[in-house]
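The values are calculated or read from the model by the stated rules, or taken from the named source; none is laboratory data. Since the structure is predicted, the reported quantities are computational estimates derived from the model, not experimental observations. Here the Cβ positions follow ideal geometry from the backbone for every residue, glycine too, while neighbour counts run over all protein chains shown.
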There are 2 protein chains.
Amino acid sequence: MEVAILLFEGVTALDAVGPYEVLRSVPGASIRFVAKEPGPQRTDSGALALSADAGLNDVTAPDVLIVPGGSVEKTQADERVLAWVRQVHEVTKWTTSVCTGSLILGSAGVLDGLDATTHWTAYDKLASLGAKPTAERVVRRGKVITAAGVSSGIDMALRLVQLELGDVASQAIQLGIEYDPQPPFDSGSPTKAPPEVVELVRSMMSGRA
Amino acid sequence: MEVAILLFEGVTALDAVGPYEVLRSVPGASIRFVAKEPGPQRTDSGALALSADAGLNDVTAPDVLIVPGGSVEKTQADERVLAWVRQVHEVTKWTTSVCTGSLILGSAGVLDGLDATTHWTAYDKLASLGAKPTAERVVRRGKVITAAGVSSGIDMALRLVQLELGDVASQAIQLGIEYDPQPPFDSGSPTKAPPEVVELVRSMMSGRA
């Protein structure tokens, strides 16, 4: 299984690293981080860079495409990247996104008329690109799987492993990364967090993608 | 709040990126990735590198030290890194680890006689370094917080935010990264996964840290 993970300046690290950490454990999987210009890609905080060893021309027929989110505006307007996404999507077995990565898929025309998800603060933007925003953590429609904000890529990738390799493989990888979540609160979605926390985050995120 | 995240060749990406993604959202936090030799540090899969902008001498008094795990043997035997860990630990407010990062803390003498945790396959190694292995996801003893395997660093960092900044800040960051886990199975710990999955992972991980 060949997996291509798109990187770009301003990517949110966990969007990319969550699915990577799940899929790297699939026996025989080959994972390549791909960017317009190969080399280190600075993440949205500025404190970290993730390496892209491959350029767009190096990866033309991956089985799985993963598009993470972050500060995506420049990439949404980059015709070379969008053309690559469209081209690769024609031959993938699975085309996926995490968080606002779905805005890149949408800008490439991949989500036209499709149920899809994104970070909960970005539903309007997703709708403006022709998709139907859907408040589920992982949304699968045919071969397109979109996941909600940032950390949801872990769940998405575990689902993908289940679909591709079965229940035992997904359970084994979950156990391998000891994914037995125990956050101190149950406030990870706008339907669960206290209203004042939702408003706080909404105002904080309005400046961020 | 100054946060230092130690990197090294063979680090497990999610061990470092999980806490990073939580703490980068703390208002005023400064996060620095630190390595013996600054520059890209190849992760354990070989498919990705994480950048360390700082060297050991550049970071001498962080408020928070985070030591991720991975292929840690070389680092456990690296006296320069261990001396830095000891030195920094003297002045930190919090000294933390994720997964087998606790073996590095143990090798530095930080966990002598202390309850601590690590990846569930590494309890014996942790015990051999003087710590008392504890099967909890996040173990806090004084200013030392150790977390279980790989993905547990997210929970550990959310706990740290709660301790430092209170409930609302922790809830807000959890919502910001939409950490509302919904894995397809409940098999993230050896007490929850089917026994045959536990054995499978144990045999797979015996070659890996």
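Here is a yes/no grid of residues against (1) assigned to a loop (DSSP other than H, G, I, E, B); (2) of a type in the set (Gly, Ala, Ser); (3) at pLDDT 95 or above; (4) within 21 Å of the chain's Cα centre (by Cα):
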site	(1), (2), (3), (4)
B:156	no, no, yes, yes
B:163	no, no, yes, yes
B:179	yes, no, yes, yes
B:186	yes, no, yes, no
B:203	no, yes, no, no
- Does residue B:98 qualify as being more than 14 Å from chain A (Cβ to nearest Cβ) and in contact (Cβ under 8 Å) with a residue 12 or more places away in the chain? no
- Would you point out the residue of segment A:127-148, among those that are among the aliphatic types (A, V, I, L, M) and out of contact with any helix residue (DSSP H, G or I) (no Cβ under 8 Å at 6 or more places or on another chain), that is surrounded by the most Cβ atoms within 10 Å (Cβ to Cβ)? A:139
- Note on the structure: Of the candidates B:107, B:151, the one satisfying the condition of being buried (at least 20 other Cβ atoms within 10 Å of the Cβ), within 12 Å of chain A (Cβ to nearest Cβ) and of a type outside the set (Phe, Trp, Tyr) is B:151
- Item | Unique residue being within 13 Å of chain A (Cβ to nearest Cβ), part of a loop (DSSP other than H, G, I, E, B) and among the small types (Gly, Ala, Ser) when the list is B:4, B:47, B:61 | B:47
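So that you can scan it fast, the table gives a plain yes or no per residue for (1) of a type outside the set (Phe, Trp, Tyr); (2) over 24 Å from residue A:49 (Cβ atoms); (3) touching a Pro at 6+ places or on another chain (Cβ under 6 Å); (4) at pLDDT below 95:
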residue	(1), (2), (3), (4)
B:31	yes, no, no, no
B:35	yes, no, no, no
B:46	yes, no, no, no
B:71	yes, no, no, no
B:87	yes, yes, no, no
B:94	no, yes, no, no
B:108	yes, yes, no, no
B:116	yes, yes, no, no
- Task: Inspect all residues belonging to segment B:79-93 and state whether any of them is crowded, with 24+ Cβ neighbours inside 10 Å, out of contact with any Gly (no Cβ under 7 Å at 6 or more places or on another chain) and of a type outside the set (A, V, I, L, M).
- Result: no
- Name the one entry in B:83, B:49, B:61 that is hydrophobic (A, V, I, L, M, F, W, C), in contact with a strand residue (DSSP E or B) (Cβ under 8 Å, 6 or more places away or on another chain) and without any contact (Cβ under 8 Å) to a residue 40 or more places away in the chain. B:49
- When residues of segment B:91-108 are limited to those that are part of a loop (DSSP other than H, G, I, E, B) and among the hydrophobic types (A, V, I, L, M, F, W, C), the one farthest from residue B:60 (Cα to Cα): B:99
- Message: Going through B:74, B:93 one at a time, which residue ends up being within 22 Å of residue B:129 (Cβ to Cβ) and touching a residue at least 40 places away in the same chain (Cβ under 8 Å)?
- Response: B:74
- Note on the structure: How many residues of segment A:175-193 are at the interface with another protein chain (Cβ under 7 Å from one of its Cβ atoms), free of Cβ contacts under 8 Å to residues at least 60 places away in the same chain and not aliphatic (A, V, I, L, M)? The answer is 11
- Note on the structure: Going through (1) modelled with pLDDT of 95 or more; (2) more than 7 Å from every other protein chain (Cβ to nearest Cβ); (3) part of a helix (DSSP H, G or I) one by one, residue A:171 fails only at (2)
